[in-house]
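The values are calculated or read from the model by the stated rules, or taken from the named source; none is laboratory data. Note that this is a predicted model, so its numbers are computed, not measured. Heads up, the Cβs are rebuilt from the backbone with ideal geometry, glycines too, and the neighbour counts pull from every protein chain shown. Remember, those area values only see protein heavy atoms, side chains included, never the ligands or the DNA or RNA. Shrake-Rupley method; radii C 1.70, N 1.55, O 1.52, S 1.80 Å.
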Amino acid sequence: NAGVTQTPKFQVLKTGQSMTLQCAQDMNHEYMSWYRQDPGMGLRLIHYSVGAGITDQGEVPNGYNVSRSTTEDFPLRLLSAAPSQTSVYFCASSLGDRSQEKLFFGSGTQLSVL
Amino acid sequence: GDSVTQMEGPVTLSEEAFLTINCTYTATGYPSLFWYVQYPGEGLQLLLKATKADDKGSNKGFEATYRKETTSFHLEKGSVQVSDSAVYFCALSPPNSGGGADGLTFGKGTHLIIQP
């Protein structure tokens, strides 16, 4: 079972460059989300989606865009990368059924912005 | 707003020692509470959860009890192994959230190191 797949695993960008972090899940989960993990900060929610065509902002959305055109995919776009966006990014998905609350995480993308 | 506070560590123990990682939370109502574990180079995995007061979640020898009166969800294990070395995150999902879809609130994580 593939679960949640993130690509790339590592990326180095220069300030001002743009890129897209890919996330795909094969579990037919309605809910998907993006987190960033920084030392001493835990995980912070960037954006989330409760279904195809629906997205919303999390705790730290500035500098990031998302879209959800299919149930399977939830890409995260950095339009103009900044050093403050150096972090480890995790995509997660869930059924959305409160009786079975559980997030499934991808293995992460380590991003460095120089 | 909601928040989770946990000891950050690193916590270093010898194999077979007793483990406690403290976690307290601030939230309105009755949130669901979770412990996630992150092994080196991997994403987070759900370790255990509890959805109402006095519930005990357990998995792989770990357990935690939802204490409403002390707003706590401390993680315990009676005898740790080297393979338990990881980062442990306490988290909550508000009672009015859509099954965690709109995001969990995580603590900062506790790095656990088990020495042989």
Exercise. Across segment B:22-42, what is the number of residues that are under 30 Å from residue A:9 (Cα atoms) and not charged (D, E, K, R)?
Worked result: 9
Seminar exercise, completed: Among residues of segment B:12-25 being surrounded by fewer than 16 Cβ atoms within 10 Å (Cβ to Cβ) and among the hydrophobic types (A, V, I, L, M, F, W, C), the residue nearest to residue B:65 (Cα to Cα) is B:18
Problem set entry | Hey, residue B:8 in contact with a Gly (Cβ under 8 Å, 6 or more places away or on another chain) and either within 13 Å of chain A (Cβ to nearest Cβ) or part of a loop (DSSP other than H, G, I, E, B) (or both) or not | yes
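Only one of B:46, B:33 is in a strand (DSSP E or B), open to solvent by 20 Å² or more (accessible area, probe 1.4 Å) and within 12 Å of another protein chain (Cβ to nearest Cβ). Can you tell me which?
That would be B:46, the only listed residue that is in a strand (DSSP E or B), open to solvent by 20 Å² or more (accessible area, probe 1.4 Å) and within 12 Å of another protein chain (Cβ to nearest Cβ).
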Seminar exercise, completed: Selection from segment A:43-83 of residues open to solvent by 50 Å² or more (accessible area, probe 1.4 Å), away from chain B (no Cβ under 14 Å) and touching a strand residue (DSSP E or B) at 6+ places or on another chain (Cβ under 8 Å) yields A:65, A:72, A:73, A:77, A:79, A:83
Exercise. So which residues in segment B:56-77 are open to solvent by 10 Å² or more (accessible area, probe 1.4 Å) and touching an Asp or Glu at 6+ places or on another chain (Cβ under 9 Å), if there are any at all?
Worked result: B:56, B:60, B:61, B:63, B:65, B:67, B:68, B:76, B:77
For this session: Go through segment A:46-63 and count every residue that is farther than 17 Å from residue A:103 by Cβ and out of contact with any Lys or Arg (no Cβ under 7 Å at 6 or more places or on another chain).
Result: 4
For this session: Those residues that are part of a strand (DSSP E or B) and open to solvent by 10 Å² or more (accessible area, probe 1.4 Å), I need them from segment A:14-42; list them, please.
Result: A:19, A:20, A:22, A:24, A:31, A:36, A:37, A:38
Exercise. Pairs, please: C-beta under 7 Å, at least 6 apart or cross-chain, first residue more than 8 Å from every other protein chain (Cβ to nearest Cβ) and at pLDDT 65 or above and in segment B:95-110, second in a loop (DSSP other than H, G, I, E, B) and open to solvent by 30 Å² or more (accessible area, probe 1.4 Å)?
Worked result: B:95/B:29; B:95/B:30; B:105/B:2; B:110/B:7; B:110/B:8; B:110/B:9
